[in-house]
1. Please go through region 223-238 and give me each residue that is surrounded by 15 or more Cβ atoms within 10 Å (Cβ to Cβ) and either closer than 14 Å to L207 by Cβ or of a type in the set (K, R) (or both), ordered by number.
2. Which one is surrounded by the fewest Cβ atoms within 10 Å (Cβ to Cβ) among residues in region 247-267 that are in a strand (DSSP E or B) and in contact with a Lys or Arg (Cβ under 6 Å, 6 or more places away or on another chain)?
3. What number goes with the only condition from (1) in the same structural domain as S235 (by TED's automatic domain parsing); (2) part of a loop (DSSP other than H, G, I, E, B); (3) at pLDDT below 95 that E107 does not pass?
4. Could you tell me how many of the residues in region 152-185 are of a type outside the set (G, A, S), over 14 Å from the mean Cα position of the chain (by Cα) and not in a helix (DSSP H, G or I)?
5. With the structure loaded, tell me whether A21 is modelled with pLDDT of 90 or more, surrounded by 14 or more Cβ atoms within 10 Å (Cβ to Cβ) and out of contact with any Gly (no Cβ under 7 Å at 6 or more places or on another chain) or whether it fails that test.
6. Which numbered condition trips up E33, out of (1) within 20 Å of the chain's Cα centre (by Cα); (2) more than 24 Å from V88 (Cβ to Cβ)?
7. Using the structure shown, decide if D149 is part of a strand (DSSP E or B), surrounded by fewer than 20 Cβ atoms within 10 Å (Cβ to Cβ) and modelled with pLDDT of 95 or more.
8. Is it the case, given these coordinates, that D203 is among the acidic types (D, E), touching a strand residue (DSSP E or B) at 6+ places or on another chain (Cβ under 9 Å) and outside any strand (DSSP E or B)?
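The values are calculated or read from the model by the stated rules, or taken from the named source; none is laboratory data. What you are looking at is a predicted structure, and each value in this text was computed from that prediction instead of being measured. So basically every Cβ, Gly included, is an ideal-geometry build from the backbone, and we count neighbours across all protein chains shown.
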Amino acid sequence: MRKQYYNLHFKVMEEDFELFAGAVADFPFKGIEERNDELVICFEEPDYSKNLKYEILEEAKKYIPEISFISEENITERNWNEEWESHVEAIRVNENIAILPQWRVNEFDCPIKIIINPKMSFGTGHHASTRLACRLAEKYVKTRPFWLDVGCGTGVLAILAKKLGAIRVFAFDNNDWAFENAKENLELNGEGDSIELDLLDIDTLALPQADGILANLNRNLILESLAKFSESLKSKKGLLIIAGILVFDREEIETALKSNNFTVLEFIVEEEWISFCAKSN
């Protein structure tokens, strides 16, 4: 008998996707799909109840007051798998880098292919912030040997850093789903033994001294973490690549970087998103 799944659709602004992921991290979902200002969270039948949407709303509203419920649907296992795979596309970051699910690995011909089979759709390259971080990484990672991937999600930036020539990469996230998915993706890319991966929280972790930090997070977490990033990078005058920031927050981020002894080397923009590379002074 085929398994039954329930998709719950929520209205969430794109800039709040990461906050939603954190809010629902403890719910037993099977996957999350990004759409246009909408997130679809999928549950297997044994984990579903009629009150689940209200429980999710109650938790998510602590962080995203504007979130609202749209609809729900019941689907079979076969349909869910087909729908999920059809929405996880191969992404061309630029002429040299592509991010691809395993079932579409031959879709692009380029020097660097990163295979990402996501449990959730964050970190698959669909979001502009991921693509921006990848482009800056391509330019700067090779200049420094030891990089941290803070809040690694699917592990895409850690994998890219290693493929770009980093000697050592340490990646971590505080979500179980991210840790397990990153572990699988490291293996798929032949980096299971070459990248250090752990389940840790940046709030309680003392970051090691590093040559560079990759942090595709959100505005609030980046601002809260800049002092810790600065402490990690200051001895080697390291580089910080941050993404997950909206364009209209540019001045606030630049001011905060300067206050934490960083000099902005470059920023790049795609759609309404901006990514920075800054150097520790």
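1. Start the filter on region 223-238 by keeping residues that are surrounded by 15 or more Cβ atoms within 10 Å (Cβ to Cβ), which leaves 223, 225-226, 228-234, 236, 238.
Once the filter is applied, which keeps residues that are surrounded by 15 or more Cβ atoms within 10 Å (Cβ to Cβ) and either closer than 14 Å to L207 by Cβ or of a type in the set (K, R) (or both), region 223-238 yields S225, L226, K228, F229, S230, E231, S232, L233, K234, K236, G238.
2. Looking only at region 247-267, we keep the residues that are in a strand (DSSP E or B), and these are 262-267.
Subset that is in contact with a Lys or Arg (Cβ under 6 Å, 6 or more places away or on another chain): 263, 265.
Numbers: T263: 11, L265: 15.
By that ranking, first place goes to T263.
3. (1)
4. Residues that pass the stated criteria total 5.
5. It is false that A21 is modelled with pLDDT of 90 or more, surrounded by 14 or more Cβ atoms within 10 Å (Cβ to Cβ) and out of contact with any Gly (no Cβ under 7 Å at 6 or more places or on another chain).
6. Here E33 meets the rest and fails (2).
7. The answer is no for D149.
8. Against the criterion (among the acidic types (D, E), touching a strand residue (DSSP E or B) at 6+ places or on another chain (Cβ under 9 Å) and outside any strand (DSSP E or B)), D203 does not qualify.
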